[in-house]
Each structure stands twice: as C-alpha cells, then as structure tokens.
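Here the structure is laid out as structure tokens; the discussion comes afterwards.
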Amino acid sequence: MISQVFILSSKGDHLIYKDFRGESGSDAVGVFYEKVTALTGDQPPVVMSHKDLHFVHVRQGGLYWVATTTADSSPFTIIEFLNRLAALVKDYCGSLSEKSVQMNFALIYELLDEVVDYGYIQTTSSDVLKNFIQTEAVSSRPFSLFDLSNVGLFGAETQQSKVAPSSAATRPIQSSREQGGKSEIFVDVIERMSVVIGSNGMLMKADVEGEIRVKCYLPNCSEMRIGLNEEFSIGKSQLRGYGAAVRVDEVSFHQMVRLDEFDSHRILRLCPSQGEQTVMQYQLSDDLPSAPPFRLFPTIERDSGGRLLMYLKLRCDLPPKSAAINVAATIPIPKGSLSLSQELSSPDQSAELKPQSRAVVWKIPRFTGGTQLSALFKLEVPGLSSASLLEVGPVGLSFELPKLTATGVQIRFLRLSPVQPGPSQRWVRYVTHSDSYTIRI
C-alpha cells in the first residue's frame with residue numbers, strides 16, 4: 001500500500017507530488033531529499049525510514065522516483081512498481097528527463113490517477129491504460145525524419161539501406177496517430193560488457209549481459225516473430241547449426257513470449273503492446289567469441305625534471321569497417337598532481353586533468369577499428385617518488401560500439417502477422433556499451 005508518490009530532480013526540485021491516503025504531510029519530500037543528500041557515496045540505500053514513514057526510491061533518467069508507505073509493504077513490490085511507472089512515463093512522454101516531466105505534468109498526473117487508487121496498485125499495462133488516457137503528450141523535441149545527426153537504427157530485411165534518426169524511438173506511443181498514421185516497430189539488441197585485463201595483457205575476466213528490447217508504435221499487431229541466429233546455443237553442451245556457434249550461458253524471457261518454435265527454429269513469438277518491453281535477457285561469462293575491443297600499451301616513468309610521464313598507446317581491435325564512439329579513458333594519478341601538459345596523436349582528441357577525482361580523462365569521439373592512437377601526458381607532481389608511480393592506474397574505459405554485439409547475437413528476420421495495412425517500417429539496432437572495462441597497469 002502506497003501513501004505518496006513524488007518525482008524529484010537531481011537538485012531536489014518538486015516535479016510531481018501525489019498523496020493518495022493523507023497519512024503524512026508534504027514535508028516528506030524535504031525529509032527524503034535531506035536524507036538522500038546527507039549520505040556519502042554515489043549509491044544511497046533504496047529503502048530508508050524516518051519515524052513511521054518508509055521511503056523507497058529508484059533513479060531513472062537522472063530523477064528520483066519515490067514512493068512512501070507507512071504499512072508493512074514489500075519493498076520489492078514498490079521498487080518494481082516505480083520501475084514500471086518510469087517505463088510508462090517514458091512510453092507516454094517519449095523520453096525520461098526533467099524537461100519532459102515538466103512539460104507533461106498533466107499527463108503524468110492522469111497516469112497516476114489510473115495506475116494507483118487510494119494507495120493500491122491497479123495496473124501498469126499500456127494496453128489497458130490507452131483506453132483511459134486522454135491527455136496528449138508534449139514532445140520536447142519534434143520528431144523529424146530529416147534529422148540524421150546520430151546514425152544508429154538500421155533496417156531489418158528489405159530496410160537494410162535505410163537509416164532512422166536516433167529520436168525516432170523516443171516519441172510518445174500515442175504520437176503514431178499524429179504522424180500521418182505512420183506505423184513503426186524498433187528492435188534493439190543491447191549488450192553491456194564487463195572486462196578486466198591484467199598488467200601483462202592477459203584477459204582475466206569477461207562478462208556480457210544482453211537484452212532484446214521491442215518498442216512498438218503499431219496500432220494493431222496480433223503477432224510478431226523474431227528470428228535469432230540458427231547457431232544460437234545455450235550452455236556449452238548445446239551446439240547448433242553449421243556456422244560458428246553463438247553461445248550464451250543463461251537466457252530468460254518475458255512472460256508474453258511464446259517459445260513453441262524456439263527450440264527447433266530459434267524463433268520468438270509475441271504480441272507486443274504499445275510501448276517498450278524487454279522480451280529476452282541473456283548472459284555470457286568468461287568466454288568471449290572474439291578478442292576484447294581495446295588493448296593498452298602504457299609506459300609510466302619519471303623524467304629528469306621530476307615530472308611524471310605517461311605514454312599511452314591504445315589499440316582498437318574491432319574490424320576495420322567498424323568504429324567505437326564516445327571513447328573515454330580515465331587514468332588515476334598520484335595525489336597532489338598540479339598541472340597537465342599533453343601531446344595527442346590526432347586533433348579530435350582531448351584530455352583534461354580532474355584534481356578532485358585524481359584522474360586524467362582522455363576522450364576520443366570516434367575510434368576506427370584496426371587503428372592505434374597515442375597520448376603523452378606530463379604531470380607536475382610535488383614530491384614525486386617511486387611509490388607515487390604505483391598510484392597510477394588501473395585505467396577505466398567507457399565506450400559505445402554501434403552495429404556490433406560482443407556475443408554475435410543477430411536478428412535473422414522480423415515478421416508481423418497479419419500484414420499491417422498501409423506502410424509500416426521495422427528497424428533493428430545493435431549496440432554494445434562498456435559496463436566496466438578495466439586495464440591494469
């Protein structure tokens with residue numbers, strides 16, 4: 001049973017506040033923000049208490065999504081509710097941000113009125129809610145097919161040569177009626193990579209977590225069939241097909257997915273509702289089918305003038321036609337470092353000294369596969385000693401690999417039945433993110 005629901009910005013501004021039972025005053029918002037900001041560390045507890053009031057919160061889109069309760073309610077139920085509420089707001093508003101919440105506050109209050117009744121959760125299904133929600137969403141950024149600034153969505157089957165803009169899948173689900181009857185469906189294969197590479201260059205740990213997300217703008221779709229690689233295998237003992245095996249260790253599916261054709265033909269059948277759903281999740285541990293995407297060759301020494309020299313060569317081992325984007329290397333440095341001078345191998349790179357976090361951040365906007373970049377950093381460190389050199393590293397990398405999956409999972413086909421009346425488009429995107437990519441020096 002939920003007493004209140006409120007949404008706060010990262011600065012504590014009140015964006016949404018709804019009191020369902022009148023059991024506690026509006027000062028609960030201030031109490032929560034004081035408690036969450038008084039704690040040290042980046043991850044405050046999800047559940048906190050003040051007298052007889054319990055706060056449960058999640059962070060989504062840079063916002064605090066908070067529910068309060070005075071009853072002995074299950075925190076896991078409330079956490080799941082808050083995550084689903086955030087997903088609903090994203091579906092109906094198009095995106096999750098402070099600006100989109102402010103512009104669509106009337107729509108969000110209407111959603112809360114339908115989702116929760118006197119503290120009791122009624123439904124979080126977009127299929128049910130679409131019959132009751134009348135308020136139209138206000139888009140913070142108008143949708144335009146001429147905006148191709150961020151290439152990322154690539155067509156399946158006959159759509160291979162077409163590209164949709166990055167904003168295409170961030171419009172409200174109800175906007176399909178206002179877009180001239182345009183029907184679209186987006187399938188994203190998203191993977192997060194966790195890698196640890198030792199100082200000798202040997203791979204010590206490699207984990208990949210992936211998921212297949214579907215975002216549907218089709219007004220009516222009775223069934224969708226998603227075909228995966230024929231060689232897709234679960235576990236080490238189950239090998240299929242004639243090509244190179246695409247193997248994962250564990251797989252879980254959304255409850256709406258029908259698996260009667262999965263074992264024989266690797267086909268997922270589902271009836272998607274409007275909005276975004278994660279239809280499949282999978283995991284692979286310590287057995288990447290290819291080499292890690294980056295290797296680092298560092299040289300750390302002290303020059304004759306007492307400065308710390310860091311010469312870094314970073315190699316991208318992706319295929320030559322592929323590229324990593326938004327690459328950032330964070331190099332921890334000795335305490336007390338004062339100034340930084342740099343020599344970078346290309347003009348589009350940049351580097352910055354961050355004394356508060358005791359790190360140098362080297363940024364590369366685009367890194368083509370099969371190439372190597374280098375950087376020479378010279379740091380002024382008072383009292384530099386041999387022990388200070390041990391404070392350098394390990395290096396953390398963050399990056400994004402568009403059009404690539406680390407496991408090799410691919411979408412063979414994407415079919416809708418019955419065939420949709422009028423023009424409809426199907427888009428598939430592959431992307432791999434770095435969850436934690438650490439290289440020891």
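The values are calculated or read from the model by the stated rules, or taken from the named source; none is laboratory data. Computed from a predicted model, the values in this text were never measured in an experiment. Every residue, glycine as well, gets a Cβ built from its backbone with ideal geometry; the counts of neighbours run over all protein chains shown. With ligands, DNA and RNA removed, areas are computed over all heavy atoms of the protein, side chains included. Shrake-Rupley method; radii C 1.70, N 1.55, O 1.52, S 1.80 Å.
Read through the list (1) closer than 30 Å to residue 215 by Cβ; (2) not assigned by the TED database to the domain that holds residue 218, then give the number of the only condition that residue 353 fails.
Residue 353 satisfies every listed condition except (1).
How about the range 70-101: which of its residues are among the polar types (S, T, N, Q) and at pLDDT 90 or above? Walk me through it before giving the result.
Step one: filter the range 70-101 for residues among the polar types (S, T, N, Q), giving 70, 73-74, 77, 83, 95, 97, 100.
Result: 77, 83.
Please go through the range 389-441 and pick out each residue that is free of Cβ contacts under 8 Å to residues at least 12 places away in the same chain and either of a type in the set (Val, Ile, Thr) or under 19 Å from residue 288 (Cα atoms) (or both).
Of the range 389-441, the ones free of Cβ contacts under 8 Å to residues at least 12 places away in the same chain are 390, 419, 421.
Of everything in the range 389-441, just one residue is free of Cβ contacts under 8 Å to residues at least 12 places away in the same chain and either of a type in the set (Val, Ile, Thr) or under 19 Å from residue 288 (Cα atoms) (or both), namely 419.
Of all residues in the range 357-368, count the ones that are under 15 Å from residue 333 (Cα atoms) and assigned to a strand (DSSP E or B).
Pass one, the range 357-368, residues under 15 Å from residue 333 (Cα atoms): 357-362.
Still in the running and assigned to a strand (DSSP E or B): 359-362.
Looking only at that region, the number is 4.
Among strands (runs of 3 or more DSSP E) lying entirely in the range 171-275, which contain 2 or more residues that are modelled with pLDDT under 90? Write out each step before concluding.
Details: elements: 183-197, 203-216, 223-228, 232-234, 246-248, 250-253, 267-270.
Output list reads 183-197, 203-216, 223-228, 232-234, 246-248.
Can you name the number of the only condition in (1) in a helix (DSSP H, G or I); (2) surrounded by 21 or more Cβ atoms within 10 Å (Cβ to Cβ); (3) without any contact (Cβ under 8 Å) to a residue 40 or more places away in the chain that residue 78 fails?
Every listed condition holds for residue 78 apart from (3).
Have a look at 62, 94, 119 and point out the one that is in contact with a Pro (Cβ under 9 Å, 6 or more places away or on another chain), outside the structural domain of residue 219 (by the TED database) and either under 24 Å from residue 27 (Cα atoms) or touching a residue at least 40 places away in the same chain (Cβ under 8 Å) (or both). If you could, list the steps in order and put the result at the bottom.
Numbers: 62 fails: in contact with a Pro (Cβ under 9 Å, 6 or more places away or on another chain); 119 fails: in contact with a Pro (Cβ under 9 Å, 6 or more places away or on another chain).
From the options 62, 94, 119, the qualifying one is 94.
Out of the range 369-393, which residues are in a loop (DSSP other than H, G, I, E, B) and either farther than 18 Å from residue 315 by Cα or touching a Cys at 6+ places or on another chain (Cβ under 9 Å) (or both)? Can you show your working first?
In the first step, residues of the range 369-393 are kept if they are in a loop (DSSP other than H, G, I, E, B); the result is 369-371, 381-385, 390-393.
Matches in the range 369-393: 369, 370, 371, 381, 382, 383, 384, 385, 390, 391, 392.
Answer yes or no: is there a residue in the range 7-28 that is of a type in the set (Phe, Trp, Tyr), open to solvent by less than 20 Å² (accessible area, probe 1.4 Å) and touching a helix residue (DSSP H, G or I) at 6+ places or on another chain (Cβ under 8 Å).
Within the range 7-28, the first condition is being of a type in the set (Phe, Trp, Tyr), and the residues that meet it are 17, 20.
Next, from what is left, pick out any that are open to solvent by less than 20 Å² (accessible area, probe 1.4 Å): none.
No - not one qualifying residue is present in the range 7-28.
Test residue 109 against the criterion of being in contact with a Lys or Arg (Cβ under 8 Å, 6 or more places away or on another chain) and either assigned to a helix (DSSP H, G or I) or on the phi > 0 side of the Ramachandran plot (or both), and give yes or no. Steps first, please.
Details: in contact with a Lys or Arg (Cβ under 8 Å, 6 or more places away or on another chain): yes; either assigned to a helix (DSSP H, G or I) or on the phi > 0 side of the Ramachandran plot (or both): yes.
The answer is yes for residue 109.
Out of all the residues in the range 25-54, which are in contact (Cβ under 8 Å) with a residue 24 or more places away in the chain and either of a type in the set (Phe, Trp, Tyr) or within 15 Å of residue 78 (Cβ to Cβ) (or both)?
Of everything in the range 25-54, those that are in contact (Cβ under 8 Å) with a residue 24 or more places away in the chain and either of a type in the set (Phe, Trp, Tyr) or within 15 Å of residue 78 (Cβ to Cβ) (or both) turn out to be 28, 32, 33, 46, 47, 53.
Every residue, every condition in (1) within 30 Å of residue 304 (Cα to Cα); (2) open to solvent by 30 Å² or more (accessible area, probe 1.4 Å); (3) not aliphatic (A, V, I, L, M), yes or no:
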position: 353; (1), (2), (3): yes, yes, no
position: 380; (1), (2), (3): yes, yes, yes
position: 403; (1), (2), (3): no, yes, yes
position: 406; (1), (2), (3): no, no, no
position: 431; (1), (2), (3): no, no, no
position: 434; (1), (2), (3): no, no, yes
